[in-house]
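Undergrad: Below is one structure. I have some questions about it.
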Amino acid sequence: MTSPTFDLVIAANRLPVDKEVAEDGSIEWHRSPGGLVTAMESVMRGREAAWIGWSGDAGDPPEPFEENGMYLVPIGLSEDEVTNYYEGYSNDTLWPLYHDVIVPATFRRRWRSSYERLNQRFADAVSEVAAPGATVWLHDYQLQRVPSLLRAIRPDLRIGWFNHIPFPPVEIFMQLPGRETLLEGLLGADFLGFQVRADAANFREACRRLLRAPVKGDVVTAPDGRRVRAAAVPISIDVEELRELATSPETLQRAKEIRAEMGDPEVLLLGVDRLDYTKGIRHRLKAYGELLADGRLDPRKTRLVQIATPSRERLQAYRVLRGQIEQAVGRINGDHADFGDTPVVYMRRSFPKEEMAAIYAAADVALVTPLRDGMNLVAKEFVTCARDDAALVLSEFAGAAGELKRAYLCNPHDVDRLKQTITAAIDAPADERRKRMRSMRRAVLANDVHHWAEAFLASLQAAPELPAEESAR
Ligand code: ADP
Ligand code: G6P
């Protein structure tokens, strides 16, 4: 049977839904984790398009199926490919390397060949469903070879790629064995989008230094002579939808209940993250523990709710991190808890959107303190859902800091300053917090996820003739 073809094709390592086999053997599909899916799910709703991606488990892929009007094409990964392409090269080589080597990157030759094979499989699958002259939107670090592999078989396509994570400075990128092949892979695209200007500049500099490619403004001349634009298009969230949810009577009522269930604390601090070492959860807990020990925060009147979605659990660095976090939570509660008073409420699971909106609306101060993050959508979600006098403590190392300039900005590596920033946010007069929140809301509203998608697609259509609409961030 021949497959239907589409004028718009999305490819990301994951489908928007994740396959899970229930205890009775039946198949269930749940929303996939992470910011990529949060953003793209909103953007793609109602568009006629195909989405190519992995279903999240090893074995033969399920048949293509329709979901929310989209045609989903599952890519199969064998157990070996999960180990080598997904866990290995994508998440134990590229992920740490692109996040400032917070944990060391591991280099293994067999991971590279698996990555190449899988990228070819994605390119073939895209080619199968792309109509003549179709627009193809590729996503993230797992698919950096796809642009050139796809162009080789389908030169008629318009190919764009967006990087959801940081692109490292050339001095770090250079460590990667076979680094040129990734740059050449990306230069198969017509347009390359990055979260912030520094990422795009890092990519262009890597092309200049490592491929000796001519660079003029935001345009790189590829080895085959094509001109490829690399520019910033910062990602965002569906502000209108989330705001509506957050201000509904049910959500506001639930927010009240959440506070009440915790004994109506004076100060409710909040952390929401995938359980990932880039998120700075350990540093955050250290700062909070010390504030309690110093007597700056009262354990009877303060709660830190830390929500952590399980992630990449078979990788050593993630297992170690989980142990460290659970030990830190145990230590803080052991030192400071009392009957009815638990200073850290730690929940290692995912919540539905409605509950997330209520948790955001319940909090006084969100602690978004990644050591490195491409953007961080949690920061933007909090600003959209929070009370007018709530405060955001935000790491300078999150892409979002470029837009949310009135957050309480901090360097999470500096625990003393992190403590000061947290207390400054708690102690600030309500009026000051309101002013800051208003300004941050304006920033998020000015660039919501639909604006982001339009900007990306417009840049892709215009490439390379028109200059990039590089936002001033
Ligand atoms: P990343 O993509 O690295 O995970 P982001 O902050 O950009 O980080 O995006 C995370 C997304 O996942 C957000 O939309 C956030 O609401 C969602 N999320 C994070 N933790 C949870 C959780 N425990 N339950 C439900 N959604 C979550
Ligand atoms: C980040 C990455 C995504 C990834 C997500 C979840 O948001 O940018 O590409 O899908 O994390 O990680 P996982 O490894 O579970 O897909």
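Undergrad: If a residue has to be more than 16 Å from ligand 2 (Cβ to nearest atom) and touching a residue at least 40 places away in the same chain (Cβ under 8 Å) to count, how many in the stretch 258-289 make the cut?
TA: Total satisfying the criteria: 17.
Undergrad: Residue by residue through the stretch 116-142, note down the ones that are farther than 22 Å from Ala458 by Cβ and touching a helix residue (DSSP H, G or I) at 6+ places or on another chain (Cβ under 7 Å).
TA: Selection gives Leu118, Asn119, Gln120, Phe122, Ala123, Ser127, Tyr141, Gln142.
Undergrad: What are the residues in the stretch 339-357 that are over 21 Å from the mean Cα position of the chain (by Cα) and either outside any strand (DSSP E or B) or without any contact (Cβ under 8 Å) to a residue 12 or more places away in the chain (or both), if any?
TA: Listed by number, the residues that qualify are Phe339, Gly340, Thr342, Pro343.
Undergrad: Looking only at the stretch 47-57, which residues are at pLDDT 95 or above and either outside any strand (DSSP E or B) or surrounded by fewer than 17 Cβ atoms within 10 Å (Cβ to Cβ) (or both)?
TA: Ala49
Undergrad: Quick one: which residue in Pro33, Pro62 is within 16 Å of ligand 2 (Cβ to nearest atom) and part of a loop (DSSP other than H, G, I, E, B)?
TA: Among Pro33, Pro62, only Pro33 is within 16 Å of ligand 2 (Cβ to nearest atom) and part of a loop (DSSP other than H, G, I, E, B).
Undergrad: Enumerate the strands (runs of 3 or more DSSP E) found wholly within the stretch 225-314, keeping only those where 2 or more residues are within 16 Å of ligand 1 (Cβ to nearest atom).
TA: Numbers: elements: 227-232, 267-274, 302-309.
The qualifying strands (runs of 3 or more DSSP E) are 267-274, 302-309.
Undergrad: Something else: Working carefully through the options Glu67, Glu63, find the one that is more than 25 Å from the chain's Cα centre (by Cα) and over 26 Å from Thr106 (Cβ atoms).
TA: Glu63
Undergrad: Tell me, please, whether a residue that is in contact (Cβ under 8 Å) with a residue 24 or more places away in the chain, of a type in the set (A, V, I, L, M) and touching a strand residue (DSSP E or B) at 6+ places or on another chain (Cβ under 8 Å) can be found in the stretch 318-326.
TA: So the first thing to find is which residues in the stretch 318-326 are in contact (Cβ under 8 Å) with a residue 24 or more places away in the chain, and the list is 318, 321-322, 324-325.
If we keep only those that are of a type in the set (A, V, I, L, M) too, we end up with 321, 325.
Within this subset, residues satisfying the condition of being touching a strand residue (DSSP E or B) at 6+ places or on another chain (Cβ under 8 Å) are 325.
There is at least one residue in the stretch 318-326 that is in contact (Cβ under 8 Å) with a residue 24 or more places away in the chain, of a type in the set (A, V, I, L, M) and touching a strand residue (DSSP E or B) at 6+ places or on another chain (Cβ under 8 Å).
Undergrad: List the residue pairs whose Cβ atoms are under 6 Å apart, where the first residue sits in the stretch 33-50 and is not assigned by TED's automatic domain parsing to the domain that holds Asp373, the second is in a helix (DSSP H, G or I) and of a type in the set (A, V, I, L, M), and the two are 6 or more positions apart or on different chains.
TA: Gly35/Leu377; Thr38/Leu377; Ala39/Val449; Ser42/Val449; Val43/Val449; Val43/Ala453; Ala50/Val129
Undergrad: What's the number of the only condition in (1) surrounded by fewer than 16 Cβ atoms within 10 Å (Cβ to Cβ); (2) in a loop (DSSP other than H, G, I, E, B); (3) not acidic (Asp, Glu) that Arg442 fails to meet?
TA: Condition (2) is where Arg442 drops out.
Undergrad: Same structure again: Determine, yes or no, whether Glu205 is in contact with a Ser or Thr (Cβ under 8 Å, 6 or more places away or on another chain), acidic (Asp, Glu) and either farther than 28 Å from Pro16 by Cα or buried (at least 18 other Cβ atoms within 10 Å of the Cβ) (or both). Spell out how you get there, then give the answer.
TA: Working: in contact with a Ser or Thr (Cβ under 8 Å, 6 or more places away or on another chain): no; acidic (Asp, Glu): yes; either farther than 28 Å from Pro16 by Cα or buried (at least 18 other Cβ atoms within 10 Å of the Cβ) (or both): yes.
So Glu205 fails the test.
Undergrad: A follow-up question, please. If Phe382 passes every condition in (1) within 13 Å of ligand 1 (Cβ to nearest atom); (2) assigned to a loop (DSSP other than H, G, I, E, B) but one, which one does it miss?
TA: (2)
Undergrad: Let me ask something else about it. Looking at Ile165 and the list (1) touching an Asp or Glu at 6+ places or on another chain (Cβ under 9 Å); (2) surrounded by fewer than 19 Cβ atoms within 10 Å (Cβ to Cβ), which single condition is not satisfied?
TA: Only one criterion in (1) touching an Asp or Glu at 6+ places or on another chain (Cβ under 9 Å); (2) surrounded by fewer than 19 Cβ atoms within 10 Å (Cβ to Cβ) is unmet by Ile165, namely (2).
Undergrad: Please determine, by comparing only the residues of the stretch 315-346 that are within 16 Å of ligand 1 (Cβ to nearest atom) and under 20 Å from Leu292 (Cα atoms), which one is surrounded by the most Cβ atoms within 10 Å (Cβ to Cβ).
TA: Looking at residues that are within 16 Å of ligand 1 (Cβ to nearest atom) and under 20 Å from Leu292 (Cα atoms), I get Val344.
Undergrad: For the stretch 452-464, how many residues are modelled with pLDDT of 95 or more and buried (at least 16 other Cβ atoms within 10 Å of the Cβ)?
TA: Residues flagged as modelled with pLDDT of 95 or more and buried (at least 16 other Cβ atoms within 10 Å of the Cβ) within the stretch 452-464 amount to 7.
Undergrad: For the structure I just gave you, tell me whether Ser90 is crowded, with 22+ Cβ neighbours inside 10 Å, closer than 22 Å to Ile10 by Cα and modelled with pLDDT of 95 or more.
TA: The answer is yes for Ser90.
Undergrad: Then there is this: Out of the stretch 86-109, which residues are under 18 Å from the mean Cα position of the chain (by Cα) and of a type in the set (D, E, K, R)?
TA: The answer is Glu87, Asp92, Asp100.
Undergrad: Same structure again: Going by the conditions given, is Leu394 at pLDDT 95 or above, in contact with a His (Cβ under 8 Å, 6 or more places away or on another chain) and in the same structural domain as Lys279 (by TED's automatic domain parsing)?
TA: Working: at pLDDT 95 or above: yes; in contact with a His (Cβ under 8 Å, 6 or more places away or on another chain): no; in the same structural domain as Lys279 (by TED's automatic domain parsing): yes.
When the stated conditions are applied, Leu394 does not pass them.
Undergrad: In the stretch 349-379, what count of residues is obtained for those that are within 16 Å of ligand 2 (Cβ to nearest atom) and within 17 Å of Thr278 (Cβ to Cβ)?
TA: 11
The values are calculated or read from the model by the stated rules, or taken from the named source; none is laboratory data. Worth saying up front: this structure is predicted, and the values here are computed from it rather than measured. Please note: Cβ atoms are built from the backbone with ideal geometry, for glycine as well, and neighbour counts cover all protein chains shown.
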